[in-house]
Amino acid sequence: QLLTVPDFLTSAEAKAFVDVAESMGFTHQGSLGPLKGEAYRDNDRISVTDPLLAQTLWESGINRIFMDINISGKAATGLNPNIRLYRYVEGQRFGRHIDESVHLGDGSRTQYTLLVYLSGKGSAKDSQALVGGETVFYDHRGGIVAEVAPVQGMALLHLHGARCMLHEARFVKKNVKYVLRSDVVFA
């Protein structure tokens, strides 16, 4: 249900994504939380449709992870071309939620979330090192299943839709958390 890929992007590649995102400009995303029927959300976001980037990321190794994974008789075919970039500054977080599966037409549907951390924890000497912002997964009783600390360049894949574990992005305590997000498509 959950796996990480260390060094999916190099530090230079991760920084290049951050630089491009900052030059494009982010839009704030927020929600009021459970009283309004949705998770508490406070972060900044960019969304672009880029089939070539999705294909390039897919062919850079994610495709090999999914070679033998079938869901309801369907195989992984690529990444959702809707690429999202998230920025969390100090004090921002995304409360407990599940990621919904999306129908993309022609019988294809997203089944896994792909998160690639573009910033992360570093050495104590690193003034840009991220503190906080962990992605935490919970079981049906609210117990912690996994706590993933962002590491620059690391990819995190997890099932979403009907089998998605409840999860959250904890508060960023220091510096800025950047994440690239897409979804694995099955058809």
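The values are calculated or read from the model by the stated rules, or taken from the named source; none is laboratory data. Predicted model only: the values in this text are computed from it and were never measured. Don't worry about glycine lacking a Cβ; one is built from the backbone with ideal geometry, like all the others, and counts go over all protein chains shown. Accessible surface areas use protein heavy atoms only, side chains included; no ligands, DNA or RNA. Shrake-Rupley method; radii C 1.70, N 1.55, O 1.52, S 1.80 Å.
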Kindly write out, for region 14-23 in residue order, the coupling ³J(HN,Hα) from the Karplus curve 6.51 cos²θ - 1.76 cosθ + 1.60 (θ = phi - 60°), rounded to whole Hz, with x marking Gly and Pro. 4, 5, 4, 4, 4, 4, 5, 4, 5, 6
In region 42-187, with Lys and Arg counted as +1 and Asp and Glu as -1 at Cβ, which of these residues, P51, G133, F66, has the Cα nearest the positive end of the dipole, that is, farthest along it? G133
Which value, in Å³ per residue, describes the convex hull spanned by the Cα atoms of the chain? 125 Å³
If amide hydrogens are placed 1.01 Å from N in the peptide plane, which non-local residues have theirs closer than 5 Å to the one on F186? T77, R109, T110, Q111
Can you give the convex hull volume per residue for the Cα atoms of region 45-127, as a whole number of Å³? 154 Å³
When the chain is treated as a GNM, springs tying every alpha-carbon pair under 10 Å, which of H158, H103, H167 comes out with the largest mean-square fluctuation? H103
Per-bin percent of Cα-Cα distances, region 95-154 [10 Å]: 18, 36, 30, 14, 3, 0
Charged-residue dipole, Cβ positions (Lys, Arg, Asp, Glu), region 96-153 about Cα centre, Debye nearest 20: 160 debye
Sort out for me the Cα centre separation of region 91-162 from region 66-83, rounded to whole Å. 18 Å
Peptides 138-149, 104-115, 173-184, 89-100: what's the order by average Cβ count within 10 Å, highest mean first? 173-184, 104-115, 89-100, 138-149
Computed helical MRE - 222 nm, the chain, DSSP H runs ≥ 4 contributing -39500 (n - 2.57), nearest 500: -3500 deg cm²/dmol
Quick one: accessible area per residue over region 18-142, 1.4 Å probe, rounded to a whole number of Å²? 55 Å²
Computing the accessible area with a 1.4 Å probe over protein heavy atoms, can you report the carbon and sulfur percentage for the chain? 52 percent
Counting every Cα pair in region 142-187, what percent are over 11 Å apart? 78 percent
Taking placed amide H atoms and a strict 5 Å upper bound, the residues 5 or more places from Q92 or on another chain that come that close are V172
Could you derive backbone 3J(HN,Hα) for region 94-103 from the dihedral phi with the Karplus parameters 6.51, -1.76 and 1.60 (θ = phi - 60°), listing whole Hz in sequence and x where the residue is Gly or Pro? 10, x, 4, 6, 10, 8, 7, 7, 10, 7
Quick one: compute the contact order of the chain, relative version, from alpha carbon pairs under 8 angstrom and 6+ residues apart, as a percent. 31 percent
Rounded to whole Hz, the Karplus (6.51, -1.76, 1.60) HN-Hα couplings of region 72-86, x for glycine and proline: 6, x, 10, 10, 5, 10, x, 9, 4, x, 7, 9, 10, 10, 10
Region 90-187 - charge dipole about Cα centre, Lys and Arg +1 at Cβ, Asp and Glu -1, debye rounded to 20: 320 debye
